[in-house]
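The values are calculated or read from the model by the stated rules, or taken from the named source; none is laboratory data. Keep in mind that this is a model prediction, so the values were computed, not measured. Cβ coordinates were reconstructed from backbone atoms using ideal geometry, including for glycine residues, and neighbour counts include every protein chain displayed. Remember, those area values only see protein heavy atoms, side chains included, never the ligands or the DNA or RNA. Shrake-Rupley method; radii C 1.70, N 1.55, O 1.52, S 1.80 Å.
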Amino acid sequence: MAVSPRPGVLMLGRVHHAKAEFGKLSEVADVTVRSEAPQRPTPPEADPCSNSPRAPGMTLFATAMRASTAMSSPSRGPQITGRFDAELISHLPPSVRFISHNGAGYDQIDIEPCNRRNISVSNTPTAVDAATANTALFLILGALRRAWIPQEAIRAGKWRKGTTLGRDPDDLTLGILGMGGIGTATAKRAAAFGFKLQYHNRTPVANLDEQFRGQSVPRYVSFDQLLRTSDVISVHLPLGPATQGLIGAEQLNMMKDGVIIVNTARGAIIDEAALVGSLESGKVWSVGLDVFEKEPAVHPGLLKHPGAVLLPHVGTATVDTQRRMEALVIDNVRSAITKGRLVTQVDEQKPTVAKL
C-alpha cells in the first residue's frame, strides 16, 4: 500500500463553527476525524494496556496517528483520550510533533513529557479574552448584589423577599490576580464601573498605560498586598503546580472582612472547602464562580449558600468565541504543517518564562 507523502492530521472531536477553515486543511494534509474513542479491539486480558483507563484512546493513537505529524484537540479531545499525561504521550508515534489544543487553559496536557518528546503544544489564549472577561464582569456585578437571592425569590413567587442591600462598584478596589489577556480585558471593563484597579502578576506588565488610555491604569502590587487590600478579587491565573491551591485558608484569612471573590480561571486554584468555610463565617461576603475544584461536582456548601452566584463553566460558551477558538486551532495546525512552527505556542515552551 502506498504511503501518502502528505502530513497527517488527527482531529479529536468535531469542528462545529469554523467548518470552512477546517475544510481547507485537506488542501495541505490528510485529515482524520475521531469524535469517539474506538472500541477495544482485543479482550481485556489480551490487551497490553488493559490496566489503563485510557486504553481505547491509546489504541486510537496506535492506529489513526501512525503517520500523523500534527494533531488537533478540540474541546472534546480530553474526553476521548483522557488527560495528555506522560503515560498517554509515551504512546504517541515519533511522527507526532505538534498538539494544537482548543482552550486558553491547557492543564489537561502535561508539558514536560511533551518537551522530552520534542512535541510543541499550542493553545487559544487571545480568542477567549472577551467572552471570559464579560463573564467575569457578570459575576462581579452579580456577587456585589448577591443576585442569587432576588433571582430565587422571584422564581418562587416571593417577589424580592429576603433580598439584602448590595454594594456599588464605585470606589471599591478590584484586585486582578493574573494580568494576562483575560485579566487585562476584565480590568478594562471594570474601569468603566468606577473600580479602583490593582493587579498582581508574575512580573509587572510592560506598557500597561498604553492599553488603558483614557482610563486609570491598574497599579502593580505584591500577592499579599492584593489579598489584604482588595474589596473584590478576580482570579485569572492558569492552573499549574505553582497555582494549585494557591488560595487556601491562610490566604482567605489575610483578606478584608466581607471580601468578594470571583473565579473564571480554574477551580483548583482555590481550596473550595476553605472558601465555603469563609462564606459561612462571613469573612467572604459573596462569590461569583464559573469554575470549580472538582467539576462537574460542586461543593454542597456553595450550592446552598445565598451569597454564591454560580455558573457551570460557560465563560467561553458563545457562538462567536467558539468559532474564534476553532479557527485559531486550525491556524496553529496549518502553520505547523506549512512552516514547522505554531502560532500560539504555550508559555512553558517559550524561551524565557518567569515564575509566579
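Screening Gln349, Gln345 for residues that are surrounded by 14 or more Cβ atoms within 10 Å (Cβ to Cβ) and out of contact with any helix residue (DSSP H, G or I) (no Cβ under 8 Å at 6 or more places or on another chain) leaves exactly one candidate, Gln345. Total residues in segment 67-113 satisfying the condition of being at pLDDT below 70, out of contact with any strand residue (DSSP E or B) (no Cβ under 8 Å at 6 or more places or on another chain) and assigned to a loop (DSSP other than H, G, I, E, B): the figure is 1. The numbered conditions (1) basic (Lys, Arg); (2) over 25 Å from Thr316 (Cβ atoms); (3) out of contact with any helix residue (DSSP H, G or I) (no Cβ under 8 Å at 6 or more places or on another chain) are all true for Arg145 except (2). Can you work out which of the residues in segment 130-155 that are without any contact (Cβ under 8 Å) to a residue 40 or more places away in the chain and open to solvent by less than 60 Å² (accessible area, probe 1.4 Å) is farthest from the chain's Cα centre (by Cα)? Among those residues, the one meeting the criterion is Ala153.
Residue by residue, here is whether (1) out of contact with any Pro (no Cβ under 9 Å at 6 or more places or on another chain); (2) modelled with pLDDT under 95; (3) within 20 Å of Gln151 (Cβ to Cβ) holds:
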{"site": "Asp257", "(1), (2), (3)": "yes, no, no"}
{"site": "Arg266", "(1), (2), (3)": "no, no, no"}
{"site": "Asp271", "(1), (2), (3)": "yes, no, no"}
{"site": "Ser278", "(1), (2), (3)": "yes, no, no"}
{"site": "Gly288", "(1), (2), (3)": "yes, no, yes"}
{"site": "Pro300", "(1), (2), (3)": "yes, no, yes"}
{"site": "His313", "(1), (2), (3)": "no, no, yes"}
{"site": "Asp320", "(1), (2), (3)": "yes, no, no"}
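Picking from residues in segment 204-224 that are over 13 Å from Leu174 (Cβ atoms) and among the charged types (D, E, K, R), the one that is most open to solvent (accessible area, probe 1.4 Å) is Arg213. When Ala191, Ala187 are checked against the criterion of being over 20 Å from Ile247 (Cβ atoms) and either in contact (Cβ under 8 Å) with a residue 12 or more places away in the chain or not polar (S, T, N, Q) (or both), Ala191 stands alone in meeting it. Each residue in segment 194-212 was checked for being among the aromatic types (Phe, Trp, Tyr) and either at pLDDT below 95 or over 24 Å from Gly240 (Cα atoms) (or both), and 2 pass.
You will find that of Pro300, Pro306, Pro312, Pro296, the residue that is open to solvent by 20 Å² or more (accessible area, probe 1.4 Å), over 28 Å from Gln225 (Cα atoms), over 20 Å from the mean Cα position of the chain (by Cα) and touching a residue at least 12 places away in the same chain (Cβ under 8 Å) is Pro306 and no other.
Checked against (1) free of Cβ contacts under 8 Å to residues at least 40 places away in the same chain; (2) under 18 Å from the mean Cα position of the chain (by Cα); (3) surrounded by 20 or more Cβ atoms within 10 Å (Cβ to Cβ), Thr264 passes all but a single condition, namely (1). A single entry from Ser286, Ser234 fulfils the requirement of being within 16 Å of the chain's Cα centre (by Cα), polar (S, T, N, Q) and on the phi < 0 side of the Ramachandran plot: Ser234.
Count of segment 1-39 residues, restricted to those that are at pLDDT below 80 and open to solvent by 80 Å² or more (accessible area, probe 1.4 Å), is 6. Please work out if Lys304 is more than 25 Å from Leu10 (Cβ to Cβ) and out of contact with any strand residue (DSSP E or B) (no Cβ under 9 Å at 6 or more places or on another chain). So Lys304 fits the description; yes.
Output the residue which, of all residues in segment 191-203 that are surrounded by fewer than 16 Cβ atoms within 10 Å (Cβ to Cβ) and of a type outside the set (Gly, Ala, Ser), is nearest to the chain's Cα centre (by Cα).
Residues of segment 191-203 surrounded by fewer than 16 Cβ atoms within 10 Å (Cβ to Cβ): 192-194, 202-203.
With of a type outside the set (Gly, Ala, Ser) added as a condition, the list becomes 193, 202-203.
On the way: Phe193: 25, Arg202: 18, Thr203: 21 Å.
Step by step, filter segment 191-203, then rank; the result is Arg202.
All of (1) in contact (Cβ under 8 Å) with a residue 40 or more places away in the chain; (2) open to solvent by 80 Å² or more (accessible area, probe 1.4 Å); (3) within 29 Å of His200 (Cα to Cα) hold for Asp320 with one exception: (3).
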